[in-house]
Amino acid sequence: MDEDIKKLAQSLKTFTPQMVEPPYSGFPTFFAAPFQETAKDLDIALVGVPFDLGVTNRSGARHGPREIRSQSRLVGIYNHQSHMTPFAANRVADVGDVPFHTAYNLEDALSDIEQFFAGIASAKAVPITAGGDHSITYPILKTLARKEKIGLIHFDSHCDTSPPLHGSGFQHGCPMRNAVQAGLVDPGRSLQIGIRGTAELIWQFSYDCGMRVVHIEEFYELGWRKILSETLDRVGDGPVYISFDIDCLDPAYAPGTGTPVVGGMTSFEAQQMLRGLKGLNVIGGDVVEVAPPFDPSGITALAGATMMFEILCLAADSPALAGDRKLDDHP
């Protein structure tokens, strides 16, 4: 067995002994990846954003990154469907959590997030993030779309394109509107998948700007394969960001979230959608709104860790990273 582990370690560009230890042992990092304080020399940076000042209902997503780290040990390092591990050809590390100068001011905290991710962008690493509420996506996009507009694949029960609400234009119902208005996201290369519920009345901006909104009823009528095919056609070869709100899943699969909406997709369907995005030019992604206090079983955080791993696998197979590896091999 020791010899097998040695061979595994030699075959991976990123390896820690913790990857083959029992999931309940040691200090948890995302998928047992090594911890590193900065994104220097990394291909992919795994990040936690323990923040939920932007919620409009139940707080608790600030505890998401810690619990997702713990549950990620159960997810492991190998994707059985794509027959790959993202650690084989990539330098991957957990770079810790965004440090906040304030825990009480929403806009100042979003600036802290932007500054942290600007460092990751300058290191040319692809960020894969565990939130936190959905307000964190806007400052992340601000650091990734400085040169050109990017496509967006957004899994959610809400469009998150509301006008300012309850006195704030930066709460978690606004990030996608903010990103489009700031010229960061190309609506023509964007989809919002799994949308449902009474908040429909405040999502008019999505239709007006030209985003493709896929309600859950249409998702089930057409089937995930047809929606996947449309997604690939619409996004094309350009850079794309994937944002997965855990409340895209039905509360039966993810009860621990701030604004659960009955009638969502299953964990399996979400996995198939994500796995089908293989080959896209993924420049980053996040999983948000996991609120562990509302799910002591840990099933929501396990679902979040699983979706985060699927996005990590997509980033590891991204054409952009493949280009960087070629440069490394031929100095």
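Would you mind pulling out the separation of the Cα centroids of segment 73-117 and segment 1-72, in Å?
Distance between centres, Cα-based: 8 Å.
For n ≥ 4 DSSP H runs only, could you compute -39500 (n - 2.57) per run for the chain, divide by its residues and tell me the 222 nm figure to the nearest 500?
Working: 11 runs with 117 residues, N = 331.
After summing the helix terms and dividing by the residues of the chain, the value is -10500 deg cm²/dmol.
Once the principal axes of the Cα atoms of segment 19-145 are found, what is the range along each, listed largest first in whole angstroms?
Projected onto the principal axes, the Cα atoms of segment 19-145 cover 41, 32, 26 Å.
For segment 198-331, what is the convex hull volume of the alpha-carbon atoms per residue, in Å³?
Values: hull volume 16.9 nm³, N = 134.
Measuring per residue, one finds 126 Å³ for the Cα hull of segment 198-331.
Please report how many Lys pairs in the chain have alpha carbons closer than 16 angstrom, counting only residues at least 8 apart along the chain or sitting on separate chains.
Numbers: LYS13/LYS40; LYS13/LYS326; LYS40/LYS124; LYS124/LYS142; LYS124/LYS147; LYS124/LYS326; LYS226/LYS278.
So the count of such lysine pairs works out to 7.
With a length cut of 20 Å (Cα positions projected on each helix's long axis) and a Kyte-Doolittle mean of at least 1.0, go through the chain and give me the DSSP H helices that pass. All intermediate terms of the calculation are to be shown ahead of the outcome.
Working: long enough: 106-122 (24 Å, 0.48); 299-316 (25 Å, 1.84).
Helix filter hits for the chain: 299-316.
By average Cβ neighbour count within 10 Å, what is the ranking of 245-252, 13-20 from highest down?
Values: 245-252: 25.0, 13-20: 17.8.
Packing proxy ranking, top to bottom: 245-252, 13-20.
What residue among ASP233, ASP286, ASP186 shows peak mean-square fluctuation when the chain is described by a Gaussian network model with Cα springs under 10 Å?
ASP233
Considering Cα pairs under 8 angstrom that are at least six residues apart, work out the relative contact order of the chain and quote it in whole percent.
Value for the chain: 20 percent.
For segment 266-308 and segment 144-158, write down the distance between their C-alpha centroids in whole Å.
If you average the Cα positions of each part, the centres end up 16 Å apart.
For SER59, what is the net charge nearby, where nearby means another residue's Cβ is under 12 Å from its Cβ and Lys, Arg count +1, Asp, Glu -1? Before the final figure, lay out the partial values.
Values: positive: ARG58, ARG62; negative: ASP52, ASP133, GLU289.
My count for the surroundings of SER59 gives -1.
Restricting to bridges with both residues inside the chain, how much of the DSSP beta-bridge set is antiparallel, in percent to the nearest 5? Write down the numbers at each step before the final one.
Details: 2 of 38 bridges.
In the chain, DSSP labels about 5 percent of beta bridges as antiparallel.
Bear in mind these aren't lab numbers, they're just calculated from the coordinates by the rules spelled out. A quick note: this is a predicted structure, and the numbers were derived from the prediction, not measured. Positions of Cβ are backbone-derived with ideal geometry, glycine not excepted, and every protein chain shown enters the neighbour counts.
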